[in-house]
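Undergrad: One structure is given below, represented as structure tokens, and several questions about it will come after.
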Amino acid sequence: MGRVIVAEGLTKRYGDKTAVSDATFTVQTGKVTGFLGPNGAGKSTTMRMIVGLDAPTAGRVAIDGRPYRSLRSPLTEVGALLDAKAVHTGRSARDHLRVMAATHGIPRRRVDEVIELAGLTSVAGRRAGKFSLGMGQRLGIASALLGDPHTLILDEPVNGLDPEGVRWVRGFVRALAAEGRTVLLSSHLMSEMAQTADHVIVLGRGRVLADASLDQLVRDWTQHAVTIASPRLTELAAALQGAGATVTATTPGAAEVGGLSAAAIGDLAAAHGIPLHALTETTGSLEDAYMALTADAVEYTSKDLS
């Protein structure tokens, strides 16, 4: 069901400013792909090029081998939320969706379905110009879902949503990916992305900095450590160092070990008959990995007041 999105050497310049530079990546079907990057990294520009709103200066991007502009029925193939404010403020939510549906021959019952799905039933008759930020986001999501598309491209869809709405978006996009659809999702909320994405593409200053599974990204860009505690720590530390590990004492009877997995440490302790009172393996978070990866690609930085 899904449509693979493939970008090859995608470049966009505005005068002497390069917004996206030689970006090559693949958004796979059946997965939620997180699209991350600092402000000004080129994420929104890239999304606009995918759906034909901006023409690339160089390179190409295709959905299932075809440019967006060649799709016969765009709403039923690609649903996009790029600007939740891109609605006629004088129209009701229902009328906005009905106008969109009419362009593709989508039945009115589908309008009612997405209104209910997005939690807009109680405000469907209200003018969109009176909507809060969160309600506007829900209308934008309803618009993206209107054609029951194979591919979803969502730029900051949880912006302005309350916790219930954020949780709904997370569960919904994961369910769509599980059905075999393609989902490209941008967000600045790292904790939320960590719970939602399977794969991550990171942009920095218009270039692709990473294109990997979420787990691989965290492994590659964060510190991995194992904390141990033992009543015979000195003896255990010597055995671990003999096996090539680094051991750093933290508190009496406890230490942090680098260079060996928790399983290897447990096996070594057992082989020496040394009791372990604690054996905890820790890795960094997606936020840690993101900060390390984009440290040199942030256009605007805040002053540290600590």
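The values are calculated or read from the model by the stated rules, or taken from the named source; none is laboratory data. Nothing here was measured: the structure is a model prediction, and the numbers come from that model. All Cβ positions, even for glycine, are placed from backbone atoms using ideal geometry, and neighbour counts span all protein chains on display.
Undergrad: Considering every residue within segment 156-172, establish whether at least one is surrounded by 20 or more Cβ atoms within 10 Å (Cβ to Cβ) and in contact (Cβ under 8 Å) with a residue 60 or more places away in the chain.
TA: Looking through segment 156-172, at least one residue is surrounded by 20 or more Cβ atoms within 10 Å (Cβ to Cβ) and in contact (Cβ under 8 Å) with a residue 60 or more places away in the chain.
Undergrad: Name the residues in segment 196-218 that are of a type in the set (Gly, Ala, Ser), within 16 Å of ALA295 (Cβ to Cβ) and out of contact with any helix residue (DSSP H, G or I) (no Cβ under 8 Å at 6 or more places or on another chain), would you? Walk me through how you get there before you give the answer.
TA: Within segment 196-218, the subset of a type in the set (Gly, Ala, Ser) is 197, 204, 206, 210, 212-213.
Still in the running and within 16 Å of ALA295 (Cβ to Cβ): 204, 210.
Correct list: empty.
Undergrad: If you take the residues in segment 196-226 that are among the polar types (S, T, N, Q) and at pLDDT 95 or above, which one is farthest from the chain's Cα centre (by Cα)? It would help to see each step written out before you state the result.
TA: Our first condition is that a residue be among the polar types (S, T, N, Q); within segment 196-226, this holds for 196, 213, 216, 222-223.
Among the residues that remain, those that are also at pLDDT 95 or above are: 196, 213.
On the way: THR196: 7, SER213: 11 Å.
The extreme case among them is SER213.
Undergrad: Continuing with this model, one more query. Between ALA62, ALA7, ALA23, ALA58, which is on the phi < 0 side of the Ramachandran plot, touching a residue at least 60 places away in the same chain (Cβ under 8 Å) and of a type in the set (A, V, I, L, M)?
TA: Step by step, each of ALA62, ALA7, ALA23, ALA58 is checked, and only ALA23 is on the phi < 0 side of the Ramachandran plot, touching a residue at least 60 places away in the same chain (Cβ under 8 Å) and of a type in the set (A, V, I, L, M).
Undergrad: Take segment 66-103 and flag every residue that is surrounded by fewer than 21 Cβ atoms within 10 Å (Cβ to Cβ) and over 17 Å from GLY147 (Cβ atoms).
TA: PRO67, ASP83, LYS85, HIS88, THR89, GLY90, ARG91, SER92, ASP95
Undergrad: Within segment 29-43, can you find the residues that are among the small types (Gly, Ala, Ser) and surrounded by 19 or more Cβ atoms within 10 Å (Cβ to Cβ)?
TA: Residues of segment 29-43 that are among the small types (Gly, Ala, Ser), as a first pass: 30, 34, 37, 40-42.
Once the filter is applied, which keeps residues that are among the small types (Gly, Ala, Ser) and surrounded by 19 or more Cβ atoms within 10 Å (Cβ to Cβ), segment 29-43 yields GLY34, GLY37, ALA41, GLY42.
Undergrad: Does GLY52 satisfy the condition of being without any contact (Cβ under 8 Å) to a residue 24 or more places away in the chain, among the small types (Gly, Ala, Ser) and touching a Phe, Trp or Tyr at 6+ places or on another chain (Cβ under 6 Å)? It would help to see each step written out before you state the result.
TA: Working: without any contact (Cβ under 8 Å) to a residue 24 or more places away in the chain: yes; among the small types (Gly, Ala, Ser): yes; touching a Phe, Trp or Tyr at 6+ places or on another chain (Cβ under 6 Å): yes.
Answer is yes for this residue.
Undergrad: Kindly evaluate ALA128 against the criterion of being aliphatic (A, V, I, L, M) and over 14 Å from ALA86 (Cβ atoms). Give the derivation first.
TA: Numbers: aliphatic (A, V, I, L, M): yes; over 14 Å from ALA86 (Cβ atoms): no.
Spelling it out, it is not the case that ALA128 is aliphatic (A, V, I, L, M) and over 14 Å from ALA86 (Cβ atoms).
Undergrad: Does LEU152 satisfy the criteria of being under 30 Å from LEU36 (Cα atoms), without any contact (Cβ under 8 Å) to a residue 40 or more places away in the chain, in the same structural domain as THR196 (by TED's automatic domain parsing) and in contact with a Lys or Arg (Cβ under 8 Å, 6 or more places away or on another chain)? Working first, answer last.
TA: On the way: under 30 Å from LEU36 (Cα atoms): yes; without any contact (Cβ under 8 Å) to a residue 40 or more places away in the chain: no; in the same structural domain as THR196 (by TED's automatic domain parsing): yes; in contact with a Lys or Arg (Cβ under 8 Å, 6 or more places away or on another chain): yes.
Considered against the rule, which asks whether it is under 30 Å from LEU36 (Cα atoms), without any contact (Cβ under 8 Å) to a residue 40 or more places away in the chain, in the same structural domain as THR196 (by TED's automatic domain parsing) and in contact with a Lys or Arg (Cβ under 8 Å, 6 or more places away or on another chain), LEU152 comes out as no.
Undergrad: Restricting to segment 135-148, give me the number of residues that are over 19 Å from the mean Cα position of the chain (by Cα) and either outside any helix (DSSP H, G or I) or among the small types (Gly, Ala, Ser) (or both).
TA: Of all residues in segment 135-148, those over 19 Å from the mean Cα position of the chain (by Cα) come to 135-136, 139, 142-143, 146-148.
The next check asks that each one be either outside any helix (DSSP H, G or I) or among the small types (Gly, Ala, Ser) (or both); those that pass are 136, 142-143, 146-148.
Residues meeting the conditions: 6.
Undergrad: Give the residue that is modelled with the lowest pLDDT, with candidates limited to residues of segment 288-305 that are part of a loop (DSSP other than H, G, I, E, B) and closer than 30 Å to THR251 by Cα. Spell out how you get there, then give the answer.
TA: Taking segment 288-305 as the starting set, the residues that turn out to be part of a loop (DSSP other than H, G, I, E, B) are 294-305.
From the residues that got through so far, the ones that are closer than 30 Å to THR251 by Cα too are 304-305.
Details: ASP304: 51, LEU305: 48.
Out of the qualifying residues, it is LEU305.
Undergrad: Moving on. Could we say that THR26 is polar (S, T, N, Q), buried (at least 20 other Cβ atoms within 10 Å of the Cβ), within 14 Å of LEU184 (Cα to Cα) and modelled with pLDDT of 95 or more here? Reasoning before the result, please.
TA: Working: polar (S, T, N, Q): yes; buried (at least 20 other Cβ atoms within 10 Å of the Cβ): no; within 14 Å of LEU184 (Cα to Cα): yes; modelled with pLDDT of 95 or more: yes.
Spelling it out, it is not the case that THR26 is polar (S, T, N, Q), buried (at least 20 other Cβ atoms within 10 Å of the Cβ), within 14 Å of LEU184 (Cα to Cα) and modelled with pLDDT of 95 or more.
Undergrad: Ok, one more. Filter segment 8-23 down to the residues that are surrounded by 21 or more Cβ atoms within 10 Å (Cβ to Cβ) and β-branched (Val, Ile, Thr) and list them by number.
TA: Across segment 8-23, the qualifying residue is only VAL20.
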